Each structure stands twice: as structure tokens, then as C-alpha cells.
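Student: Below you'll find the structure I mean.
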Amino acid sequence: MEWRRSWIAVLGALAAACANGGEYDGAAASGDRFAKARATDVPKIAEGWSAPVRLDVSGDYWGDSLWVTPDGSAIYFMYYPGDAMTDVVVRGEPKHDPDVYVSEAPFRSMRPVDRFQLDHPVWGCAGPMIDDSGDFWFMSNRQWEEDRSLDTDIYRNGEFLAFNTDDSYTNPHSCVATDELWFDLHDERIMVLRDAAENGFAGEAELAPEPPNSPKKGRRTAPVAEPDGRTMYFRRPATGSATVWSIFTCRRRRRRVERADPGSSGVRSTVSVSRA
């Protein structure tokens, strides 16, 4: 179907980021491939961090855009049954739309999220996130029925937001403390919508400053901000590689408030960056 083409682009970007050397022929596409990938793609652990442990809920499916609740009791993630790398990169056609699933501690089982039509049998959803106000954020291609555009848009509690354009916006992250909405543009650059709720999510988004973005236009994606908005995490390709990703963090050193009148304020900030 025509609407699936938007998910070919989204899943294709995710798959390409994980393909070995940017190429994938599907020859070893099976559950065995996932085991081999885990054995060879050993993560580098930064000082102060423990080694990752594979959860029992993991399986031979494509899981992405993970969100962990602050108390650690549940994880939300995009679920695609099977090998998206084969279906999208090789065949050029996904077999199924991605949906949002949830798994609760001790993370041995999972189920589809049935709120906001996140388990809709046709439209795809991904990039789940719950902010400090309890609002549920995600991206979806469900607007295709209205505008016939192949982009993905950002939704809040199932509501299409006015700031969306014909560009593909993914991986939303809402910071209530700073009233900022961070997200990806075409899985390439990080965008920010400032004074988001104050303006009814109808403002114009802008490219995020450096960092997390880079003046060299390198890929920067998947922004996650601490609740106070002072620290952000994001991913970028490792030096000299287009397919190996590293996680970085940036921190706001100081903030200056410039008041135009008693009822409004503008925020300027400077940041420093270090590898996480």
C-alpha cells in the first residue's frame, strides 16, 4: 500500500544504521543473525557504567526507540515482528507496521499498548515517551489519510500537533521543566520546539544548537533530556565510522533569563560536551 512507503523510509534508516558497513544482503537473515550480532558487536563501556544485560523479553524481533519509566518498572518500545533489515533493506517492503509495546519488571513478557490507537492494525507507531506531566508522546504515519504525505509526525496523547510539517519528525522527547520538545529531523539532525506548551505546540521548530548538533552536519539523533533540562543525551556515529554509534551527553553550564516584560522570558544557554 502507498502509506507503507513512509515506514520503509523510517525502518530503512533504522536498519541502515545497524547494517555492517552500510551494506546488507540478507544472506544470513534469521534468528541466528541476531545471536551473531550480539557476539561480535560488543559495546564499549564508559567508566562508571555497568555492562548491559540482555532482558528476557528480548527475542528475534526488531525492537527500537526504547523508553524507560523513571521508576524503572516498565519499558516502552517499538516492536516489529521479524527482521526489519531483510524486509526493508533487501525486499523494500515491510511485512507489518511497527507498533508500541510495553514490558513490565521483571521484563519477561510484553504486550501491545492499547491507548491512543497505538496498536492500530494499519498505522505504524514508534518513539514512545512519557513526560513528567504524564503525557504520552510518539511518532506515527497516521496523518497520511489526511494529507497523502509520506512523512511521519509527532503526536501527544494521540493528538496531531500543529507544528508538524511535511518533513519526517521522529523520536520525540518532551522536557516539561523547560517547556521544550526535542526530536529528530529525518533521523539526521536534532530539532527543538521552544515554549512548546505555552504556544499550544503551534510554533516553529528550529535546529538545535551545537552541541548536540554539529556545524559539520554530522548525524545527531535520539535526544533525551534530564527532567530539569540541564543535561541531554544523544547519539552520533563514532569517529571515522558511519555505522558504529556512540552515546554522548551535553550539559548547560549557565542560563541567562532576559525579561521583555513581567509576563514573558527568554532563555539563552551555553553547553559543554563530554562522552558518556
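Student: Hey, which of the strands (runs of 3 or more DSSP E) in the range 113-230, taking only ones fully inside, have at least 2 residues that are of a type in the set (A, V, I, L, M) and over 24 Å from Ser103 (Cα atoms)?
Tutor: Those strands (runs of 3 or more DSSP E) span 180-185, 189-194.
Student: Same structure, new question: Of the numbered conditions (1) at pLDDT 90 or above; (2) assigned to a loop (DSSP other than H, G, I, E, B), Ile75 satisfies every one except a single condition; which is it?
Tutor: The single condition Ile75 does not satisfy is (2).
Student: Report, ordered by the first and then the second residue, all pairs with beta carbons closer than 9 Å, sequence separation of six or more or different chains, a first member in the range 111-131 that is over 24 Å from Val176 (Cα atoms) and in contact (Cβ under 8 Å) with a residue 40 or more places away in the chain, and a second member that is among the β-branched types (Val, Ile, Thr) and buried (at least 16 other Cβ atoms within 10 Å of the Cβ).
Tutor: That search, which allows pairs on different chains as well, returns Gly124/Val10; Gly124/Thr152.
Student: Across the range 75-96, what is the number of residues that are among the small types (Gly, Ala, Ser) and surrounded by 15 or more Cβ atoms within 10 Å (Cβ to Cβ)? I'd like the intermediate steps shown before the answer.
Tutor: Within the range 75-96, the first condition is being among the small types (Gly, Ala, Ser), and the residues that meet it are 82, 84, 92.
After this cut, where a residue has to be surrounded by 15 or more Cβ atoms within 10 Å (Cβ to Cβ) as well, the list is 82, 84.
Going through the range 75-96 one residue at a time, the tally reaches 2.
Student: Against the definition (touching a strand residue (DSSP E or B) at 6+ places or on another chain (Cβ under 9 Å) and surrounded by fewer than 20 Cβ atoms within 10 Å (Cβ to Cβ)), how does Ala238 come out, yes or no? Working first, answer last.
Tutor: Working: touching a strand residue (DSSP E or B) at 6+ places or on another chain (Cβ under 9 Å): yes; surrounded by fewer than 20 Cβ atoms within 10 Å (Cβ to Cβ): yes.
Yes, satisfied.
Student: Taking the condition within 18 Å of Trp62 (Cα to Cα) and modelled with pLDDT under 95, does Asp114 pass?
Tutor: Working: within 18 Å of Trp62 (Cα to Cα): no; modelled with pLDDT under 95: yes.
So Asp114 fails the test.
Student: Being of a type in the set (Ser, Thr, Tyr), closer than 30 Å to Lys216 by Cβ and either touching a Ser or Thr at 6+ places or on another chain (Cβ under 7 Å) or surrounded by fewer than 21 Cβ atoms within 10 Å (Cβ to Cβ) (or both) is true for just one of Thr165, Thr178. Which residue is that?
Tutor: Numbers: Thr178 fails: either touching a Ser or Thr at 6+ places or on another chain (Cβ under 7 Å) or surrounded by fewer than 21 Cβ atoms within 10 Å (Cβ to Cβ) (or both).
Of Thr165, Thr178, the one residue that is of a type in the set (Ser, Thr, Tyr), closer than 30 Å to Lys216 by Cβ and either touching a Ser or Thr at 6+ places or on another chain (Cβ under 7 Å) or surrounded by fewer than 21 Cβ atoms within 10 Å (Cβ to Cβ) (or both) is Thr165.
Student: When only residues in the range 32-45 that are among the basic types (Lys, Arg) and over 17 Å from Ser246 (Cα atoms) count, which is modelled with the lowest pLDDT?
Tutor: Start the filter on the range 32-45 by keeping residues that are among the basic types (Lys, Arg), which leaves 33, 36, 38, 44.
Applying the additional criterion that residues be over 17 Å from Ser246 (Cα atoms) yields 33, 36.
Numbers: Arg33: 60, Lys36: 70.
Among those residues, the one meeting the criterion is Arg33.
Student: Sort through Gly48, Gly63 and tell me the only one that's surrounded by 13 or more Cβ atoms within 10 Å (Cβ to Cβ), small (Gly, Ala, Ser) and either under 20 Å from Trp123 (Cα atoms) or modelled with pLDDT of 80 or more (or both).
Tutor: Numbers: Gly48 fails: surrounded by 13 or more Cβ atoms within 10 Å (Cβ to Cβ).
Selected residue: Gly63, the only one of Gly48, Gly63 that is surrounded by 13 or more Cβ atoms within 10 Å (Cβ to Cβ), small (Gly, Ala, Ser) and either under 20 Å from Trp123 (Cα atoms) or modelled with pLDDT of 80 or more (or both).
Student: May I pose another question? Among the residues of the range 212-226, is there at least one that is more than 25 Å from Val244 (Cα to Cα) and surrounded by fewer than 17 Cβ atoms within 10 Å (Cβ to Cβ)?
Tutor: The answer is no; no qualifying residue exists.
The values are calculated or read from the model by the stated rules, or taken from the named source; none is laboratory data. None of the values given here were measured: they were computed from a predicted structure. Cβ atoms come from the backbone with ideal geometry, glycine included; neighbour counts cover every protein chain shown.
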